[in-house]
Amino acid sequence: MTSVTCTAPVNIAVIKYWGKRDTQLILPTNDSLSVTLSQDILHSKTSISANKEYAHDRLWLNGKEEDITKNKRMHNCFRETRALRRRMEDEDSSLVPLSTYPLHVCSENNFPTAAGLASSASGLAALVFTLAKLFNLPNSMTDLSRIARQGSGSACRSLFGGFVAWEMGSEADGSDSRAVQIAPDTHWPELEALVCVVSDAKKGTSSTSGMQQTIESSPLMKERLQIVPGRMEAMKKAILNKDFQAFAELTMRDSNQFHSVCLDTFPPIFYLNDTSRGIIQLIHEYNAANGGVYKAAYTYDAGPNAVIYASKEDMKEIIQLIAHYFPPSEEKKSTYFTDPYNVLQSKDSLGA
Ligand code: ADP
Ligand code: DP6
Ligand code: CO
C-alpha cells in the first residue's frame, strides 16, 4: 500500500469569484484575486492511500464517511490525476500501476467546514496536491491548479502562497483558466488577516448552488461583470504598491457587491447575519474615528464569518475592539484566528 499526507491552506478572496460560465469544467464568469493564509492556522490535512485490494474510491471527511458516488468534482480530480499517472506508467513499465488502484481519502479541516471559510478551497487543493505526490506527478503547480479548479473553483488559488489571481481564461476547454501568483507571501509581511468565526454552522446554500442561482436570476450580476475587470487591475496595483488604502476600499466594496448580488438573486440568498453586519458597521466606525484613513478592511465569503485585513501594528487593537463589542459567549464556541505570517494569537473566544 502507498500512502501520502499533505496539507493545503485556505485562501480568502478580496475580489470574489461568484458565477460560472461552464459548470462542468468550472470556468468562472470573472477573474478573482485572493490572499492565501498561512496554513499554520487554517488548513485541510489529507491522507490518501492506494491499494489494489480496496473495492472502490472512498472519502472520510472530518472523521465521517461521505457518499462520493455523486461527487463529480472529486471524481474530476481523480480522473485528471490518474490520467497523468497512466501516461507515466505507459512510458515506464517498471512503475507500480497506481492509476488503476482504488483510493481511500481521509481529510480533516481544522476549522468549520462549509461555513464560508473556504473549506472547499483548502480541501480540494489538498486533495489534488496529495494525489500529485502519491502518483509522483512531475507537473507544475499551474497544471495542478487547473485540475484543482475542477474540484472547486476557489481551490485553484490555494496551490499558491501570497497574493493569487485566478485568470478566468477564454478557451472553451479551460486550458487557460488557472491561478497565477501576483506576489509571494514575503511581499507584504505587515499585512495580517483576522478570521472571526461568527458561526460554525454549515451554510444553508452551498457556494456551488448559490452562484448558479445568481447567474440565472440576478440582473445586478451583469453590472458586476462590467465592474470586476477594473477592480482586478486596481487591486493588483494596490498589492504591488502595498497601498493599504486602495486595498482596503476595494476589498470592502467587492465583498459588499458580492453580497448585494446574493440579495438580488431571486429568491434572495442571505449569507450575512446580524453579527456580520455589526462587524461591518464597527469597522466603518473604527476607520471613521481615524479620520477616514482605513486601518481595517472586512470581507465575507459565502457565509457569516468575517475576515479582517489590517496591519500587524493595528491588529492587536482591532482584536480588542471586536472582543469588546462581540464578547465571548459561553454557549457558542465562537473563535477567532489571526493570520498570516505572524501569528498574534492563534485561538481565542469571540462572542456572537
Ligand atoms: P466553503 O465556504 O467552506 O468553501 P462550499 O459550499 O464551497 O463551502 O463547499 C463545502 C464542501 O466542500 C463540503 O460540503 C465538501 O463537499 C467539500 N469539502 C470541504 N472540505 C473538504 C475536504 N477537506 N476534502 C474534501 N472535500 C471537502
Ligand atoms: C464566495 O469555489 O466554493 O468564496 O467552484 O462551486 O466549488 P465552487 O465554489 P467555491 O466558491 C467560492 C465563492 C467565494 C468567493 C471566492 O472564493 O472567490
Ligand atoms: Co467554497
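Could you give every pair whose Cβ atoms fall below 6 Å, whose first residue belongs to the stretch 142-168 and is more than 18 Å from Ile12 (Cβ to Cβ) and at pLDDT 95 or above, and whose second residue is more than 9 Å from ligand 2 (Cβ to nearest atom) and among the small types (Gly, Ala, Ser), counting only separations of at least 6 or pairs across chains?
Leu144/Ala132; Met168/Ser177
Name the single residue, out of those in the stretch 133-142 being out of contact with any Asp or Glu (no Cβ under 9 Å at 6 or more places or on another chain) and not β-branched (Val, Ile, Thr), that is nearest to Ala83 (Cα to Cα).
Phe135
If a residue has to be aliphatic (A, V, I, L, M), closer than 25 Å to Arg82 by Cα and in contact (Cβ under 8 Å) with a residue 12 or more places away in the chain to count, how many in the stretch 29-68 make the cut?
Here the count works out to 5.
When only residues in the stretch 6-15 that are away from ligand 3 (no atom under 11 Å from the Cβ), of a type outside the set (Val, Ile, Thr) and surrounded by 24 or more Cβ atoms within 10 Å (Cβ to Cβ) count, which is farthest from Leu250 (Cα to Cα)?
Top of the filtered list is Ala8.
Among the residues of the stretch 225-241, is there at least one that is basic (Lys, Arg) and within 16 Å of ligand 1 (Cβ to nearest atom)?
Checked the stretch 225-241: no residue is basic (Lys, Arg) and within 16 Å of ligand 1 (Cβ to nearest atom).
Within the stretch 231-260, can you find the residues that are among the basic types (Lys, Arg) and more than 20 Å from the chain's Cα centre (by Cα)?
Residues satisfying the conditions are Lys237, Lys242.
Residues being closer than 18 Å to Trp60 by Cβ, away from ligand 1 (no atom under 16 Å from the Cβ) and in contact with a strand residue (DSSP E or B) (Cβ under 7 Å, 6 or more places away or on another chain): count how many of those fall in the stretch 73-105.
Adding up the residues that qualify gives 1.
Of the conditions (1) of a type outside the set (Lys, Arg); (2) in contact with a strand residue (DSSP E or B) (Cβ under 8 Å, 6 or more places away or on another chain); (3) within 13 Å of ligand 2 (Cβ to nearest atom), Glu108 clears all except one; give me its number.
The number of the failed condition is (3).
Can you name the residue in the stretch 27-47 that is of a type in the set (Val, Ile, Thr) and surrounded by 24 or more Cβ atoms within 10 Å (Cβ to Cβ) and is also nearest to Ser158 (Cα to Cα) among such residues?
Top of the filtered list is Thr36.
Is it true that Met211 is more than 16 Å from ligand 1 (Cβ to nearest atom) and either acidic (Asp, Glu) or at negative phi (or both)?
For Met211, the condition - more than 16 Å from ligand 1 (Cβ to nearest atom) and either acidic (Asp, Glu) or at negative phi (or both) - is not met.
Would you mind listing the strands (runs of 3 or more DSSP E) fully within the stretch 1-46 where at least 2 residues are near ligand 2 (Cβ under 9 Å from one of its atoms)?
Filter on the stretch 1-46 gives 11-15, 32-36.
For the stretch 116-154, how many residues are over 17 Å from Leu37 (Cα atoms), part of a loop (DSSP other than H, G, I, E, B) and within 16 Å of ligand 3 (Cβ to nearest atom)?
3
Scan the stretch 226-246 for residues that are surrounded by 15 or more Cβ atoms within 10 Å (Cβ to Cβ) and within 16 Å of ligand 2 (Cβ to nearest atom) and jot them down.
If the condition is that a residue be surrounded by 15 or more Cβ atoms within 10 Å (Cβ to Cβ) and within 16 Å of ligand 2 (Cβ to nearest atom), then Val228, Arg231, Met232, Met235, Lys236, Ile239 are the ones that fit.
The values are calculated or read from the model by the stated rules, or taken from the named source; none is laboratory data. For clarity, every value in this text was computed on a predicted model and none was experimentally measured. No Cβ is skipped: glycine too gets one built from the backbone with ideal geometry, and neighbour counts run over all protein chains shown.
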